[in-house]
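Have a look at the structure below, then the notes.
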Amino acid sequence: MQESAQPPHTDWDADAVCRQIAALCPPLEPEAVPLHQALGRRLRQSITAPEDLPPFDRSAMDGFAIRRDDPASRWVVVDRLRAGDWRPRTLQPGQAVAIATGAALPCAGLQVIPREFVHDLGNIIEIRERPPLDYIRRRGEDARAGDELVPHGVILQPGTLALLASLGHTRPQVTRRPTVWHLTTGSELVDPAETPGPGQIRDSNSILVQTFCANRGLQIRQWRLPEEEPVVARILEPARRGDVLVDLLLISGGASVGPHDFTRNLLEQCGYEVVIARVRARPGRPLIVARRGRSLAIGLPGNPLAHWVCLHIYVDCALRAWEGAPSPTPPWKTGLLTRTLDAAPDRFETFWPARWCLNPEGRALLEPLPWRSSGDLTALATANAILRLPPQTGPLTPSAPVSFLPLNLQP
Ligand SMILES: Nc1nc2c(c(=O)[nH]1)N[C@H]1C(S)=C(S)[C@@H](COP(=O)(O)OP(=O)(O)OC[C@H]3O[C@@H](n4cnc5c(N)ncnc54)[C@H](O)[C@@H]3O)O[C@H]1N2
Ligand code: MOO
């Protein structure tokens, strides 16, 4: 198909594609999940303290509780309290209670003397030196009943989950995970464990997509299929009939315009409306974005580097939008090149694999990695960022500022 024959809505720049994808993917509905399944998920409720924290005055040390106003020099030990014991009593001057860290104080007006300050003579104690502190965790000192402790929208981390557990919030409301199907098509592809025959290559895109999704907590269904429309259509039949809701359908390969590149036709036959079919950016120019009701389909160009770029820029945007991220479009940053980047001016925006790190002053430094075509894979060995070069960018010298997308939080 000639470029001029494309309807105007099929040639988008990458930012416009991201905005469009974000608009097509409103946050998925919330669901209640057990705490161990909530890690990394976005909270869709705000959590308040149901009671004071801690809920009662607790000893902060292993030691002996005595009255704060007690001037005695020797004390009789009248009880021994472990964490979990609840034995209120009013202490008289000269009386002490042995108390463990975390145990409830027997009454108000006490001070805990850590063991290190005490001569323990059995049922009698003497205090070597009266410490200035009370060593008591007071009821409500961490939070008061009704305080908002976890705001709506946070991503749940192990620490947040520990807090929820302590509050008895065992099934927080979080965004539902999207259902993802991935079809890799290509008659030349063999399983990575096999030895390719003449003209064949190992399938590298399946593991890329699978682990990209796994990194975002998604378990997906995958098929490797020959580039034959009826075979692929058969797999998609349950989704076409509406028997299953596939939030995200990813099809690898067949996004271009060759006689065997059928993704666009296939999606249309399955009732999808193609919204985007070409992007003014490389790699990843023949990208297909289509929708059918609440289902989004993305046809990823088969070349591995194009795949990697499209996953991290466009698919990530869909996943973040569905999750309810406040700004689902890619969080582009600025850094400085560490060496020359030999870019040939291109009429399209170019995405470039790179490594980034922070220098001791906190500046992001970018090392562009070598690649020749979007069929290359070797740059992916160490890449942890995507550089973004505007159209017509020529060679860049060291220290030139560049826009980049970090692919992980840690350099
Ligand atoms: N006449 C045109 N030809 C092409 C155009 C174009 O505009 N006009 N665009 C080129 C660009 S840019 C790209 S990118 C590719 C996209 O190709 P497809 O999405 O149709 O994918 P395939 O043709 O199936 O494969 C392309 C390439 O990638 C290899 N591949 C595919 N799947 C895998 C996999 N799972 N693991 C590893 N490698 C894979 C495949 O063997 C091909 O070499 O189209 C250009 N052509
Ligand atoms: O998407 Mo293609 O990668 O532009 O070569």
- Note on the structure: Low-density loop trypsin sites (Lys or Arg not before Pro), the stretch 47-121, at most 13 other Cβ within 10 Å, DSSP non-H/G/I/E/B, are R68, R82, R89
- Task: Enter the Cα centre distance for the pair the stretch 38-57 and the stretch 345-388, rounded to the nearest angstrom.
- Result: 41 Å
- Say R0 is 25 Å: what FRET efficiency, to the nearest 0.05, do D120 and D69 get from their beta-carbon distance? 0.65
- Compute the distance in nm between two label points, each set 7 Å from the Cα along the Cα-to-Cβ direction, one at D62 and one at S327. 5.1 nm
- Taking the simple approach of a point 7 Å from Cα along Cα-to-Cβ for both S373 and R171, what is their distance in nm? 5.5 nm
- By how many nm would the segment from R202 to R138 lengthen if fully extended, with 0.36 nm per residue of separation less the alpha-carbon distance? 16.7 nm
- Query: What number, in percent, do you get for the relative contact order of the chain if the mean sequence gap of Cα pairs under 8 Å and at least 6 apart is divided by its residue count?
  - Reply: 16 percent
- Message: Which one, A98, L121, A83, projects farthest toward the positive side of the charge dipole computed for the stretch 58-137 from Cβ point charges (K/R +1, D/E -1)?
- Response: A83
- With at most 13 neighbouring Cβ atoms within 10 Å, loop GluC sites (Glu not before Pro) (DSSP) excluded, longest segment of the chain: 229-360
- Query: Considering only DSSP beta bridges with both partners in the stretch 58-137, what is the antiparallel share in %, to the nearest 5?
  - Reply: 75 percent
- Pairs of Cα atoms under 8 Å, at least six residues apart: use those to get the relative contact order of the stretch 145-285, whole percent. 24 percent
- With a ≥ b ≥ c from the Cα gyration tensor eigenvalues, square-rooted, and the rule rounded for a/c under 1.5, otherwise prolate when a/b > b/c and oblate otherwise, the stretch 333-406 is oblate
- Query: How large is the dipole of the chain about the Cα centre if only Lys and Arg carry +1 and Asp and Glu carry -1, each at its Cβ, rounded to the nearest 20 debye?
  - Reply: 540 debye
- So which trypsin sites (Lys or Arg not before Pro) in the stretch 325-411 are both in a DSSP loop and have at most 14 other Cβ atoms within 10 Å of their Cβ? R339, R347, R363, R372
- Query: Considering only Q20, L43, T397, whose Cα is most displaced toward the positive end of the charge dipole of the chain, charges sitting on Cβ of Lys, Arg (+1) and Asp, Glu (-1)?
  - Reply: L43
- Query: For the stretch 94-106, what does the Karplus curve 6.51 cos²θ - 1.76 cosθ + 1.60, with θ = phi - 60°, yield as ³J(HN,Hα) per residue in whole Hz, taken in order and with x for Gly and Pro?
  - Reply: x, 9, 10, 10, 5, 9, 9, 4, x, 6, 6, 5, x
- For R278, enumerate residues with amide H under 5 Å from its amide H, sequence gap 5+ or separate chain, H modeled in the peptide plane. W12, L287
- Let me know the Rg and Dmax you get for the chain when you use only its Cα atoms, in Å. 30.9, 98
- So if R0 is 22 Å, what FRET efficiency would A344 and A381 give, r being the distance between their Cβ atoms, rounded to the nearest 0.05? 0.40
- Only helical DSSP H runs with n ≥ 4 go in: add -39500 (n - 2.57) per run for the chain, normalise by residue count and round the 222 nm mean residue ellipticity to 500 deg cm²/dmol. -4500 deg cm²/dmol
- Where Lys and Arg each count +1 and Asp and Glu each count -1, what net charge lies around G94 among other residues with Cβ under 11 Å from its Cβ? +1
- Going by alpha carbons, how many degrees (0 to 90, nearest 10) lie between the helix axis of 205-214 and the longest principal axis of the chain? 30 degrees
- Count the DSSP beta bridges whose two residues both fall in the chain, then state the antiparallel fraction as a percent rounded to the nearest 5. 65 percent
- Pairwise FRET efficiency - E194 versus L245, Cβ, R0 = 25 Å, nearest 0.05: 0.15
- Task: Per residue of the stretch 269-284, in order, report the coupling 6.51 cos²θ - 1.76 cosθ + 1.60 (Karplus, θ = phi - 60°) as ³J(HN,Hα) in whole Hz, putting x for Gly and Pro.
- Result: 5, 7, x, 7, 9, 6, 9, 9, 10, 7, 10, 7, 7, 9, x, x
- Message: Mean-square fluctuation check for the chain, GNM, Cα pairs under 10 Å: which of T195, T179, T329 is largest?
- Response: T195
- Message: Spelling out what I want: for every residue of the stretch 250-256, take phi, set θ = phi - 60°, compute 6.51 cos²θ - 1.76 cosθ + 1.60 (Karplus), and round to whole Hz; glycine and proline get x.
- Response: 10, 10, 9, x, x, 8, 8
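No lab work stands behind these numbers, since they all come straight from the coordinates. Here the structure is a predicted model, which means the values were calculated and not measured. Virtual Cβ from ideal backbone geometry, glycine too; neighbours counted across all protein chains shown.
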